[in-house]
1. Just to confirm the filter: which GluC sites (Glu not before Pro) across the stretch 97-204 are DSSP coil and have at most 14 other Cβ within 10 angstrom of their Cβ?
2. Have a look at the chain and give its Rg and Dmax from the Cα atoms, expressed in angstrom.
3. For the stretch 1-57, which GluC sites (Glu not before Pro) pass both filters: DSSP loop (anything but H, G, I, E, B) and at most 15 other C-beta atoms within 10 Å?
4. Give the relative contact order (percent, whole number) for the chain; include only Cα pairs under 8 Å separated by 6+ residues.
5. Report the one residue of Ser172, Phe110, Trp145 whose Cα lies farthest in the direction of the positive end of the charge dipole of the chain (charges on C-beta: Lys and Arg +1, Asp and Glu -1; origin at the Cα centre).
6. Over the stretch 47-113, what lengths in whole Å, largest first, do the semi-axes of the equivalent ellipsoid take, defined as the square roots of 5 times the eigenvalues of the alpha-carbon gyration tensor?
7. Loop only by DSSP, 13 or fewer other Cβ within 10 Å of the Cβ. Give me the trypsin sites (Lys or Arg not before Pro) in the stretch 49-123 that pass, ordered by residue number.
8. Okay, helix-only estimate at 222 nm for the chain: each DSSP H run of n ≥ 4 adds -39500 (n - 2.57), divide by all residues, round to 500 deg cm²/dmol; what do you get?
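Each value in this text was obtained by applying a stated rule to the coordinates, not by laboratory testing. Treat the numbers as computed from the prediction; the structure is a model and nothing was measured. Glycine also receives a Cβ, built like all others from the backbone with ideal geometry; neighbour counts cover every protein chain displayed.
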Amino acid sequence: MKKRLTRAEKRERTREELISAAESLFTGQGFHATSVDEIAFKAGYTKGAVYSNFESKEDLFFAVYEQRADQVAADYERAFREAGPIAGSERIVSEAVQRRGRDDGWLAVFFEFWAHVVRRPELRERFAKIHARVLEPIASGVERWVEERGIELPVDARRYTVAVYVMMLGLSLERLTQPEVVDLTLGPQMVRFAFEVLEDRGDVARDGKKEER
């Protein structure tokens, strides 16, 4: 006998189906080009169902972004735990590169929405908070790594993480228009280079301390 869903379970299922439909349409045709009516139709609900679960189309996009951000954060945390910051970061970047083509639609709408929130302070703040979820496990991993090796960062771990992460986002954006330049190897190579620079910095500092003795 099929289990009868509670009202809360039905609401949650409706919400998840709307998020799934929104993600498919956003990545397929863009944020601005997608209407609430289209999302409702694709999910098999009325427009009223959308607005009973989400305040706006932006709110629905944030729900999509939150799911993706939480998954990426979990992937980074697992990769760092299993392989360390260098190999873990390379693994994540390599996996992302392997998804090229499949993830291009998401990258395009992600940058489109980023530009959309820049001039809207209330949306920009919410976007930044979700974005920070991805950066947190990376910054924590970098902080532990430099402490273990006695490396002194030129800036704090979070700022360093933001700088490296933005470089990778920039490469992702550039790849959409220059795939012959940003090939399968460039992202992982740049991640390793960023960490090797820190390792060299730590080696120089340790050698300097030895000479002082």
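1. Here the sparse-neighbourhood loop sites are Glu152, Glu180.
2. Both quantities, over Cα of the chain: 20.9, 78 Å.
3. Those satisfying the criteria are Glu55.
4. Relative contact order comes out at 21 percent.
5. Toward the positive end, the furthest listed residue is Phe110.
6. Equivalent ellipsoid of the stretch 47-113: 30, 15, 8 Å, largest first.
7. Within the stretch 49-123, the qualifying trypsin sites (Lys or Arg not before Pro) (loop, at most 13 other Cβ atoms within 10 Å) are Arg99, Arg102, Arg119.
8. -28000 deg cm²/dmol
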